[in-house]
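Structure first, then comments.
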Amino acid sequence: MDRRTFLTTAAAAALATGAHAQPKVGTALNAENQRLRALFDQIFGEMLDHSPEMVTRLGLHQGPRMAAKAQLTPASITALDEAKARNAANLVRLKAIDRNALSASELPHYDAVMFTTAADAEANSRYAYGDAGAGDPYVISQLNGAYRSVPDFLGTQHGIETQADAEAYLARLTQFAEVMDQETERSRRDAGLGVIPPDFALERALTQMEGLKGDPAASPLVTSIAGRAQAKGIEGDYAARASAIYLEKVIPALDRQIAWVRSLQPQAVHDAGCWRLPDGEAYYRDALKSSTTTTLTPDEIHELGWEQARALSARAETILQGEGLTQGSVGERIQGLFKDPKYLYANTDEAKEQLIADLNKQVAEITPRLPQAFGALPQAAVEIRRVPKFIEAGAPGGYYNRPALDGSRPGIYWINLRDSAENPSWTLKTLTYHEAIPGHHLQRSLQQEADLPMLRKIAGFSPYSEGWALYSEQLALEMGMYENDPLGELGQIQASLFRAARLVVDTGMHAKRWSREKAIETMTSIDGSPTTSAATEIERYSVWPGQACSYMVGKLTWLRLREKAKAQLGDRFALPAFHDATLLSGAMPLTVLESVVDRHIAARRA
């Protein structure tokens with residue numbers, strides 16, 4: 001999960017259709033528009049200069065950026081300070097643009113980039129710990145740290161086609177050790193400021209770290225390069241060379257980090273919320289602002305969660321009664337369905353392969369119906385893969401990686417199969433619609449394929465993108481994908497209950513000082529998810545405050561804006577045109593999305 005990139009490469013787009021159509025890249029623009037576009041190109045170039053992982057993910061390591069494939073981003077205190085300085089400089093450059101001289105079509109671009117840059121600058125100046133601009137208070141946790149992200153990156157993003165690619169892998173493997181040491185030093189600095197993850201986060205992190213250790217011949221860090229190099233007929237004993245780096249560089253750095261984390265355990269407390277951190281209450285308010293791109297307060301979001309939970313529970317009640325399930329609360333009956341053996345895949349590799357085959361079938365079933373709701377459709381393919389076993393313990397239930405810009409890698413929908421009991425059959429349609437089509441894959445692929453400046457192609461705003469994916473679950477229902485499948489529809493409702501519960505428990509922990517245990521109990525009572533699954537989620541929200549609130553806030557905004565367009569356009573409203581206008585514009589803050597919809601309405605009326 002490319003969290004830092006996802007949260008900080010954000011900008012917004014102008015309307016893609018209508019009276020204020022987005023100028024094609026290269027189209028003649030007035031002088032101030034040209035200055036803005038040039039600044040975007042400059043910012044994008046600086047991002048690539050300082051994030052070799054982004055270069056790889058986007059498939060841009062050609063020509064002058066070829067060397068990036070052999071590099072990892074430094075994680076030192078100095079590198080972090082330099083990143084903050086670059087952001088501050090970008091803010092100055094953005095303010096030098098005369099916003100009043102920009103064309104109407106360019107204003108959303110400017111406003112969105114300004115939103116992110118200003119918010120990061122404010123957070124960077126106020127909070128000395130973690131990665132404030134990304135809402136990450138902890139450098140190392142069960143969700144944060146190179147020990148977790150780099151093995152995943154090397155195994156799933158670093159392609160190996162040539163000997164140069166294999167050599168670049170070894171160079172990155174060596175730097176992996178350096179990055180871990182740098183993160184250890186940053187964590188040491190933050191601990192001195194009173195910033196220590198909760199005890200359960202340290203415990204989970206240590207479990208995952210220890211899981212990286214063992215026989216080099218069995219380590220994914222070694223087998224990944226050895227197997228792929230051999231499959232491509234690349235000469236050289238890459239197994240032996242990777243093993244040597246693993247034993248001589250990686251394991252010692254990992255042991256140093258493990259020792260440091262163990263030394264923190266006696267100081268760690270069980271409190272889950274970031275309220276206990278320096279200026280923690282303000283940190284959470286700023287995290288919510290960044291994560292939702294709204295000014296909603298913790299109390300407002302908390303109540304919104306309960307309101308949604310009540311409304312969704314009423315619909316779930318109707319379905320459950322229709323299925324003859326009448327005893328117990330809605331949450332208790334859904335929990336019973338999670339445990340019902342007739343809906344569970346066996347916890348074997350063979351059954352898990354069948355589960356993935358069934359997911360592919362679901363993608364194939366919805367694809368022919370997409371023209372009902374969309375004009376533009378993505379060209380990039382989507383593949384469904386199992387989350388690598390060595391990170392599945394702390395990974396979410398499902399997530400998505402965008403395609404490479406050069407077409408070398410498809411979009412990937414990852415599903416976590418650590419325990420088949422977490423994925424009963426009646427829940428899987430909804431997960432597929434969220435992560436693949438018409439959810440993340442459709443939205444992010446269309447954005448990358450749209451005629452936008454490069455900075456816009458890679459932009460990410462959680463409430464826009466996650467709100468879209470959650471909206472897509474309901475859109476699939478409206479497209480008839482749950483016809484004659486009441487339990488499948490219940491899966492869609494349960495997924496929405498899950499996101500409503502997130503609003504309640506995230507604000508509960510970070511603003512109302514709930515314990516981890518109270519949050520788990522509340523989540524299971526609302527959405528019926530298994531306790532083990534709820535615990536993983538709650539622990540995730542503990543170390544990534546605010547982000548979990550982006551989903552439902554985003555969905556409700558998408559629905560509200562669609563209804564606004566319907567009400568004002570009447571017979572002139574067309575769902576494909578609405579989706580094209582809002583998707584081909586790229587990701588943006590919700591406030592900017594509203595302005596895009598207003599322009600769409602004006603254009604359709606003209």
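A short reminder: the numbers here are calculations on the coordinates, not readings from a lab. The structure presented is a predicted model; accordingly, all values stated were derived computationally and were not measured. So basically every Cβ, Gly included, is an ideal-geometry build from the backbone, and we count neighbours across all protein chains shown.
Could you work out the helix-only [θ] at 222 nm for the chain, with each DSSP H run of four or more residues adding -39,500 (n - 2.57) and the total divided by the number of residues, to the nearest 500 deg cm²/dmol?
-19500 deg cm²/dmol
Would you mind checking the pairs LYS69/LYS389; LYS339/LYS457; LYS95/LYS457; LYS512/LYS564; LYS84/LYS564 and listing those with alpha carbons more than 30 angstrom apart?
LYS339/LYS457; LYS512/LYS564; LYS84/LYS564
In debye to the nearest 20, how big a dipole does region 375-513 give about its Cα centre with +1 on each Lys and Arg Cβ and -1 on each Asp and Glu Cβ?
Approximately 580 debye in magnitude.
Grab the other residues whose beta carbon is less than 13 angstrom from that of ILE234, score K and R as +1, D and E as -1, and report the net.
Result for the local shell: -2.
Give me a comma-separated list of calculated 3J(HN,Hα) values for region 463-473, in order, Karplus coefficients 6.51, -1.76, 1.60 applied at θ = phi - 60°, integers in Hz, x for any Gly or Pro.
Karplus values, whole Hz, x for Gly and Pro: x, 6, 6, 6, x, 4, 5, 6, 4, 4, 4.
If we count other beta carbons within 10 Å of each Cβ, what is the order of THR117, THR223, fewest first?
THR223, THR117
Work out the charge dipole of the chain with +1 on the Cβ of Lys and Arg and -1 on the Cβ of Asp and Glu about the Cα centre, then indicate which of PRO589, TYR413, HIS600 is farthest towards its positive end.
Value: HIS600.
Setting aside same-chain residues fewer than 8 positions from LYS429, which aspartates and glutamates have a Cα under 15 Å from its Cα?
Output for LYS429: ASP358, GLU365, GLU473, GLU478, GLU483, ASP485, GLU489.
Relative contact order for region 74-208: what percent, with Cα pairs under 8 Å and sequence separation of 6 or more?
After rounding, I find 33 percent.
Specify whether the C-alpha gyration tensor of region 81-194 places it in the rounded, prolate or oblate class, a ≥ b ≥ c being the square roots of the eigenvalues: rounded for a/c under 1.5, otherwise prolate if a/b is larger than b/c and oblate if not.
oblate
Between ASP451 and GLN327, how many nm apart are label points set 7 Å from Cα along the C-beta direction?
Between ASP451 and GLN327, the label points sit 6.4 nm apart.
Mean separation of Cα pairs under 8 Å and 6+ residues apart, divided by the residue count of the chain: what relative contact order is that in percent?
It comes to 22 percent, rounded to a whole number.
Counting alpha carbon pairs within less than 8 Å and at least 6 residues apart, what relative contact order, in whole percent, applies to region 183-277?
44 percent
Which FRET efficiency value, to the nearest 0.05, is calculated for GLU300 and ALA171 with the Förster distance at 41 angstrom and r the Cβ-Cβ distance?
Between GLU300 and ALA171 the formula returns 0.25.
Would you work out the charge dipole size for the chain about its Cα centre, treating the Cβ of every Lys and Arg as +1 and the Cβ of every Asp and Glu as -1, and quote it to the nearest 20 debye?
The calculated dipole for the chain is roughly 940 debye.
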